Each structure stands twice: as C-alpha cells, then as structure tokens.
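Inspection log for the structure reproduced underneath, given as structure tokens.
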C-alpha cells in the first residue's frame, strides 16, 4: 500500500521554465567556480606550497643543504599554477554547484526518495575529504621518504644522484594521488546505494569478500605509484570500508523489505 504522504513537492511547469531554471542554476554554479578560481589563483603559490610541504619536510630531514624544485619550460610554472587554481576551485566551489544541482532535481523526487538520498549526499564529500587527508598526511610522507631513499650522496667513487623535482610533475602526482584516494573512499556510498535499490545484498557482499580483497589490491596497484607503501596504504582502508559497506547494506535492506511488504 502506497504512502499517501509520500508525494512530489513540485508544481507542473512548462518546458521553457525548466530550461530557464536550469540556466539559472548553471550560471550560479559557473559564477561560484569563477570566483573560486580567481581566489585560488591569487593564492596559488601558497596552495602549491601546502601541497609540496610533505616533500619539503622529508628533504629538510635528509639535510644536505638547500633543496629546490625546478621547471624546464618557460610556461611550465604558469600552467602549473593554473592547474593548482583549477584544482582548488573545484574543491572550493563544490558545495555551491552540488547545492544548485540538488535544488534543480529535488522538486521532482518523492519525499521518501529525498530522505533516502540525503545521507549519501552528506557522506560522499566527507569520505572524499577523509581519503584525501589520508593521502596527504599519511601516505605522502611515507612514499616520498621511500622514493628519496634512492638518492646517492656526494662522495665516494660514484656521481651523486639527487632529486630535483619538476613542479608540474609533482603537482600531477599529488593530484592523481588525492583524487585516487578520494574517489576510492566512495566505495561505501556506491555499495550502500546498490544495496538500497536491491542490486547487491549483504549476503552477496559477504560471499564475495575474498574476491573483493584481491580486487582492491589490484585496483590499488593500478591507481597508485609503483611502491608498496601507497598500494597497501590504499588497499587496507578499502578493505575496512568494504566491511563497513557490508554493515550498511544490512542496515538499509530491512527498510526496503518493509516497504515492499506494505
């Protein structure tokens, strides 16, 4: 039996009005992104310094005098700062354009659908930030220290081998790692949503646990640099998040069963 209170809080609108509303939402989103981009470009040097701080700390601990980062093309530093501004603007403006998207599609959803989706909308950015924080504060220091350990100090019969990181290559690596960890941390959201709509079940997730563990190590090996620290650092949290997804799947499934019976 359908719940009569479960209605759509939307009023019939002509197609042109929907298109005008969509344009308004897009303009608000674009405006927020441009403002965030300008702000992030103004502070692009400080943002890059923040991203490079884990490497700077490791180099400082290694000693050996002043260390530096280099760029080998005239335009490289400029485009690197543009990428920094773009990267920062996406993060900074995300709440605005996500809100605009929600305001556009929410009127067409039933109240029960809104209630079901809202927790996932909150959990998704939180998990992304947790994944990015894990990469920055835990994985970066360990991985950078591992890579720098292959330097050869001056002296002896061999030529010294010393890191002089390029600003663009370092930024690409950092962005890749942050995005990889942030997206990978969306696993509980994806699995719980699939359990909510009946695509997967708690029993199925438990049965496929061993295959999931192997798959997570494979995924970690593909999307992280070729070092064991980054791979284990991503695979282990994914396994824990998979276990959390199993618990969440069991939590959402009974509600769906109750609705089906009614």
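The values are calculated or read from the model by the stated rules, or taken from the named source; none is laboratory data. Model, not experiment: these values are computed from the prediction. So basically every Cβ, Gly included, is an ideal-geometry build from the backbone, and we count neighbours across all protein chains shown.
Among the residues of the stretch 9-21, is any surrounded by 13 or more Cβ atoms within 10 Å (Cβ to Cβ), closer than 29 Å to residue 99 by Cα, out of contact with any strand residue (DSSP E or B) (no Cβ under 6 Å at 6 or more places or on another chain) and modelled with pLDDT of 90 or more? No.
Scanning the stretch 224-243 for residues that are in contact (Cβ under 8 Å) with a residue 40 or more places away in the chain and either closer than 12 Å to residue 180 by Cβ or assigned to a helix (DSSP H, G or I) (or both) yields a total of 10.
When the criteria are applied in full, residue 178 meets the requirement of being under 13 Å from the mean Cα position of the chain (by Cα), part of a helix (DSSP H, G or I) and surrounded by 14 or more Cβ atoms within 10 Å (Cβ to Cβ).
Residues in the stretch 217-254 that are at pLDDT below 85, more than 20 Å from residue 135 (Cα to Cα) and in contact with a helix residue (DSSP H, G or I) (Cβ under 8 Å, 6 or more places away or on another chain): 2 in all.
Checked across the stretch 137-146, the condition of being within 18 Å of the chain's Cα centre (by Cα) and surrounded by 19 or more Cβ atoms within 10 Å (Cβ to Cβ) holds for at least one residue. Scanning the stretch 25-49 for residues that are surrounded by 13 or more Cβ atoms within 10 Å (Cβ to Cβ) and under 18 Å from residue 168 (Cα atoms) yields 40, 41, 43, 44, 47, 48. The one condition from (1) under 18 Å from the mean Cα position of the chain (by Cα); (2) crowded, with 20+ Cβ neighbours inside 10 Å; (3) more than 28 Å from residue 82 (Cβ to Cβ) that residue 205 does not meet is (1).
The residue list 71, 79 contains one member that is more than 19 Å from the chain's Cα centre (by Cα) and within 30 Å of residue 152 (Cα to Cα), which is 71. Screening residue 73 with (1) within 23 Å of residue 133 (Cα to Cα); (2) assigned to a loop (DSSP other than H, G, I, E, B) gives one miss only, at (1). Checked against (1) without any contact (Cβ under 8 Å) to a residue 24 or more places away in the chain; (2) within 23 Å of residue 22 (Cα to Cα); (3) exposed (fewer than 14 other Cβ atoms within 10 Å of the Cβ), residue 121 meets all criteria but (3).
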